[in-house]
Amino acid sequence: MTYTGIPDKHKRQKGEHANIATQNKEILSEDTADDPGWTQSNDQIAACGLQLKYHLEEETEVSMPLFKGNWDAVSSTQKIEKLNIDKKVSLLQRGPKRNNGASAKSLFTGKSEKNKDIGPSSTDKSLFKATITKDKEVITESQRAKGWINVSDATKGICIGIKNFLEEYPKGIEVDPSSKMLRGNIWPLENGPMNFARKDTELDGQMLDNFAQGITKTTEFIYYFHDGQSDAVINQKMDYVLSSPVAHTSPEWYTASKVYGNMAPYSNKYPEFENALQYKYEWWSFNQQKQPWYGMFDHGDGKTYFFNNKWVQWTNNEPTVDFMLWTNFMRTGNAKYYHMAQAMSRHTMDVDNIHWPKKRKYLGQINDAIDFWNYEDEPKSTPYLGIGRRHANEHWHALLSAHVWIQGWIASYYISGDHRALEVAKMTGDTYLKRIWGEHDLRGRRLYLSVLNLVELYDATKIVKYKKELDERVDLMLDFQKEQGGNLLLDRYGYGQTYVTQSLYKYYQLTGEECVKNALLKHAHWVRDVPPLNHEMESYFASIHPLLIGYEFSGHDTFLKEALERSELLKVGKLSKRSDEFESVESYNEALLKVSNLPKSKKRFTNWQINQGLRVFGWTHAYNIPYLLFWMDNTDSRKTK
């Protein structure tokens, strides 16, 4: 489903925002906060779903499972409700009203007049409600439905299930015997319309706009046509999709493949470093479930900053949060991280990406020549097709010229077989070819991130046009290195080490070009001798991986010694209890801060602290520690330390 409407009633200006401008003649003013149309909804999603006309006998029965107990229970018993139907039967899963709470700016400045509410309380056990109705009569209620309905006559039946029925609420399934329709509702009519208007007119991501148009949502359905199977058999079949098993090989196989460089599999050998990784992922998972970070357009994502016991600002995948989770699944074999990674990949490729207006590709399916000329006359695609959304208080409030990450989508394609991930990655790759931002597109963070994205896309597709674009951008990076004294990055972007080292290392794996190897080695000398501190610890810790590549290519102990010294502050002590034993976000947060060794920022707020989200964690921990552990395992590194 793609939303193609006009989300609100603000007065349309001609031009583009300065930070996503493809020209400099017509630039939008951000000073339009007095326009009331920003907060007035226009086109809304009334209802959306799939319907199937069934052919069963007149006398039919429906069955559907509900969970007993609280919606957030780790494990719950199921009760299957059965009804003979002569009127419409509906199963509806609702959740809390969408409320993103105060913005980061409001909380940090202490001024939140426009946004006083802080979102739902995680202790409110009435947040979710699953209701079974017959006609308009409520038959039974619980907090959570499993997400399937079966309709059967005496000899045969059809069952429909929808994945993530609770997590991607609202959802509904209904059987209407008068029309013999079985409907799976992605957005149920009974829930009321989905409103994309802004809640307020605060600048978000330095912008005042609404980019909801083009948002997409992928929903998984399962249909099971059977010859009168029992509810137990039907439940098992539904679980193949609704609670699908995860196939994986040993963590050692994934890491030994070297697809993502020299990573170590999870082990108990270096607990303080593993604690630094696993505690953070557990903390994010805990909050994802307890806040809860659920909803049709939110599931998979999580908040970025934890400030005064409040979470603010959706992450929108920076910097490849989904790939961090895929990496942890590969290293641990823990299926929980598979599901978290898959949900984040799907969220970011759908909600955090621009999908429309999109002109069709001309492939020549029709023999008549006029088809091409008709295609030429079709409206053009948006120039921002395939461009990601910036972290903000709402997913569709801000765009940026360098804010899309393909790496996790490609990992999803490899590990889960999700071909849609490859499809969306190619859409982003095709946008790179257009170079819509001119030379700006080939400088700074945009250049580093584009090389990371293109090298992953080329590795997965082997399509020549991506290799050509990749080659040109790699050559630019190496040329700029000469102007920058050996540093592959501008000083402004010290945290971008991850993009540069991950991308050029893979490019070297694919091509074997010595000039790229030499560039990485020269860069390692730079970060060893001139530690990057432009974003404080974000940039400082991000330099660990380049040092390890320097050690791999040169064998000089000085690189490994420096990497180990910089990583000392990353070590985390042992918590007194497991993640699932904490009763509240507040107590968990307090315990985490006690075992962390990370220094505080010189500024008011420390965004790399252990109790924050996964955004900065990518630069400081996720793409450094697994590589450090590899060399600690494969070198007598304790002596060099």
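Looking at the chain, the accessible area is 42 square angstrom per residue; that uses a 1.4 Å probe and ignores ligands, DNA and RNA. Between His419 and Lys602, the C-beta separation translates, for a Förster distance of 41 Å, into a calculated FRET efficiency of about 0.30. Sorting Thr219, Thr155 by accessible area puts them as Thr155, Thr219; the probe is 1.4 Å, largest comes first, and only protein heavy atoms count.
Against the criterion of solvent-accessible heavy-atom surface with a 1.4 angstrom probe, Ser576, Ser503, Ser142 sort, most first, into Ser576, Ser142, Ser503. Between the listed residues Tyr3, Ile45, Leu28, the Cα displaced farthest toward the positive end of the dipole of region 1-86, a dipole computed from Cβ unit charges relative to the Cα centre, is found at Leu28. Taking a ≥ b ≥ c as the square roots of the eigenvalues of the alpha carbon gyration tensor, region 209-348 is oblate, as a/c is not under 1.5 and a/b does not beat b/c.
The charge dipole of region 549-641, taken about its Cα centre with unit charges on the Cβ atoms of Lys, Arg (+1), Asp and Glu (-1) only, comes to about 400 debye.
Name the lysines eligible as straight-distance cross-link partners of Lys468: C-alpha to C-alpha under 23 Å, and not fewer than 8 places from it in the same chain. Candidates past the 8-residue exclusion: Lys361, Lys426, Lys434, Lys482, Lys506, Lys517. Computed from the Cβ-Cβ distance with R0 of 60 Å, the FRET efficiency linking Glu483 to Glu57 stands at 0.15. Return the label of the correct value of volume of the Cα convex hull per residue in Å³, as calculated from the structure shown, out of (1) 162; (2) 149; (3) 178. Comparing each candidate, only (3) matches the computed number. Of the residues Gly494, Leu520, Gln481, the one whose Cα sits farthest toward the positive end of the charge dipole of region 470-531, with +1 on the Cβ of Lys and Arg and -1 on the Cβ of Asp and Glu, is Gly494.
The calculated FRET efficiency for the pair Ser230 and Lys574, based on their C-beta separation and a Förster distance of 56 Å, comes to about 0.70. Look at where the Cα atoms of region 571-641 and of region 433-487 average out, and the two centres are 32 Å apart. Based on C-alpha pairs under 8 angstrom that are at least 6 apart in sequence, the chain has a relative contact order of 13 percent.
Farthest toward the positive end of the dipole of the chain, out of Tyr270, Thr131, Ser401, is the Cα of Tyr270, where the dipole comes from beta carbon charges about the Cα centre. With a threshold of 25 Å on the Cα-Cα distance, the over-threshold entries among Lys129/Lys163; Lys199/Lys594; Lys79/Lys156; Lys68/Lys594 are Lys199/Lys594; Lys68/Lys594. Between Asp35 and Lys11, the simple spin-label model (points 7 angstrom out along Cα→Cβ) gives 0.8 nm. One Cα centroid belongs to region 1-33, the other to region 391-429; the line between them spans 22 Å.
In the chain, the sites counted are GluC sites (Glu not before Pro) in DSSP loop states with at most 12 other Cβ atoms within 10 Å, and the longest stretch holding none of them, exclusive of the sites, is 114-582. Using C-alpha pairs below 8 Å separated by at least 6 residues, the relative contact order for region 54-105 is 32 percent. How many angstrom lie between the Cα centre of region 322-347 and the Cα centre of region 213-242? Taking the Cα centre of each part, region 322-347 and region 213-242 sit 22 Å apart.
Here the dipole of the chain is about 1000 debye; that uses its Cα centre as origin and unit charges on the Cβ of Lys and Arg (positive) and Asp and Glu (negative). Contact order, relative form, for region 467-610: 18 percent (alpha carbon pairs under 8 Å, 6 or more residues apart, mean separation divided by residue count).
With no solvent and one point on each alpha carbon, what is the Debye value of log10 I(q)/I(0) for region 356-436 at q = 0.17 Å⁻¹? Debye intensities relative to I(0), on a log10 scale: -0.84.
Computed over region 128-286, the quotient of the alpha carbon radius of gyration and 2.2 N^0.38 Å is 1.48. Can you give me the % of accessible surface on the chain that is carbon or sulfur? Probe 1.4 Å, all protein chains present, nothing else counted. Answer for the chain is 50 percent, counting heavy atoms of protein chains only. The accessible-area ordering, largest first, of the residues Tyr240, Tyr508, Tyr362, Tyr495 stands as Tyr240, Tyr362, Tyr508, Tyr495, per a 1.4 angstrom probe. Around the Cα centre of region 303-438, unit charges on the Cβ atoms of Lys, Arg, Asp and Glu (plus for the first two, minus for the last two) sum to a dipole of about 500 debye. Each listed q (0.15 Å⁻¹) maps to a log10 I(q)/I(0) for region 216-291 from the Debye sum over equal C-alpha point scatterers, namely -0.89. Calculated [222 nm] ellipticity per residue, helices only, for the chain: -11000 deg cm²/dmol; basis is -39500 (n - 2.57) per DSSP H run with n ≥ 4, divided by all residues, nearest 500.
The values are calculated or read from the model by the stated rules, or taken from the named source; none is laboratory data. Please read all numbers here as calculations on a predicted model, not as lab measurements. FYI the Cβ positions are ideal-geometry reconstructions off the backbone, even for glycines, and counts take in every protein chain you see. When the accessible area is computed, the model is the full protein with side chains, heavy atoms only, and any ligands, DNA or RNA have been set aside. Shrake-Rupley method; radii C 1.70, N 1.55, O 1.52, S 1.80 Å.
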